[in-house]
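Notes follow the structure.
The values are calculated or read from the model by the stated rules, or taken from the named source; none is laboratory data. This structure is a prediction, so every number in the text was calculated from the model and none was measured. Here the Cβ is made from the backbone with ideal geometry for all residues, glycine too, and neighbour counts use every protein chain on show. Accessible surface areas use protein heavy atoms only, side chains included; no ligands, DNA or RNA. Shrake-Rupley method; radii C 1.70, N 1.55, O 1.52, S 1.80 Å.
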Amino acid sequence: MGLDIKKYPNSILRKKCQEVKEIAPDIKQLINNMIETMEENKGVGLAAPQVGVLKRIIVAQTDYGPKAFIDPEIIKKTKEKEIMEEGCLSFPDLWLKIERAKGVEITALDGNGNKIKAVGFLARILQHEIDHLDGILFIDRISFRQRLKIRKKLKEIEEKYGSR
Ligand SMILES: [Zn+2]
């Protein structure tokens, strides 16, 4: 079932999410719905608060297809950074160049305690989506100068979705 995506400036996007800790059947259902929603909207990543659920769950497109990460945590970041253009399903038609670590190592609740190493595009998605779990949005990661440049576009989004 495709879910409704919460758009900026919905206040739920600013809340901190709770740990899941245990993968109950309703969590599995939520993950399936999130993957469907991501794919329907041609996204490469989606975090639970974007569908109105304050739980630490993200889904992302990987080389092996869509994958869910429950209670993901970044435990290592490369010092090396890179700038890439990002979009966000909660900000229709807004593209921003964001500087982030080039590679990350994360842990997540997957039942076997494996650490996941990611570089390039997946590292980028994971950092963006994990930010969502702490109420951090990609517009928080741009410079003041960049913020001035997108002021008008951001206002348009606020006006379009603000009343919802
Ligand atoms: Zn996003």
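Cα centroids of segment 14-77 and segment 94-162: how far apart, whole angstrom?
Value for the Cα centre distance between the two parts: 14 Å.
Over all distinct alpha-carbon pairs, what is the Kirkwood Rh of segment 57-126 in angstrom? Please list the in-between numbers first.
Details: mean 1/r = 0.0770 Å⁻¹.
Its Kirkwood hydrodynamic radius stands at 13.0 Å.
Quick one: what are the phi-derived ³J(HN,Hα) couplings along segment 124-140, Karplus 6.51/-1.76/1.60 with θ = phi - 60°, whole Hz, x for glycine and proline?
4, 4, 4, 5, 4, 6, 5, 3, 4, 5, 10, x, 9, 10, 5, 5, 7
Please turn the phi angles of segment 64-72 into ³J(HN,Hα) values with the Karplus equation 6.51 cos²θ - 1.76 cosθ + 1.60 (θ = phi - 60°), one per residue in order, whole Hz, x for glycine and proline.
9, x, x, 9, 9, 10, 9, 6, x
With a cap of 13 neighbouring Cβ atoms within 10 Å, and only residues DSSP puts in a loop, list the GluC sites (Glu not before Pro) found in segment 56-103.
Details: sites: GLU73, GLU80, GLU82, GLU85, GLU86, GLU99; in loops: GLU80.
Listed in order of number, the matching sites are GLU80.
Report, to one decimal in Å, the Kirkwood hydrodynamic radius for the chain based on all distinct Cα pairs.
Working: mean 1/r = 0.0618 Å⁻¹.
Taking the inverse mean of 1/r over all distinct Cα pairs, the chain comes out at 16.2 Å.
So, for segment 1-118, what is the accessible surface per residue at a probe of 1.4 Å, expressed in square angstrom? Don't skip to the answer; put the middle values down first.
On the way: 6700 Å² over 118 residues.
That works out to 57 Å² per residue.
How compact and how long is segment 16-92, expressed as Rg and Dmax of its alpha-carbon atoms in Å?
13.3, 39
So, with a 1.4 angstrom probe, what is the percent of accessible area on segment 93-146 that is carbon and sulfur? Write out the running numbers ahead of the final one.
Details: 1330 of 2600 Å².
Heavy-atom surface of segment 93-146 belonging to carbon and sulfur, 1.4 Å probe: 51 percent.
Mind listing the phi-derived Karplus ³J(HN,Hα) values for segment 150-156, rounded to whole Hz, using 6.51, -1.76 and 1.60 with θ = phi - 60°, and x for any glycine or proline?
9, 3, 5, 4, 5, 5, 4
Ordered by packing density, taken as the mean number of other Cβ atoms within 10 Å over each peptide's residues, highest first, how do 139-148, 9-18 rank? It would help to have the intermediate numbers written out before the result.
Numbers: 139-148: 12.2, 9-18: 14.9.
Listed from highest to lowest mean packing, they are 9-18, 139-148.
Helix-derived [θ] at 222 nm for the chain: sum -39500 (n - 2.57) over DSSP H runs of at least 4, divide by residue count, nearest 500?
Details: 4 runs with 47 residues, N = 164.
Computed ellipticity for the chain at 222 nm equals -9000 deg cm²/dmol.
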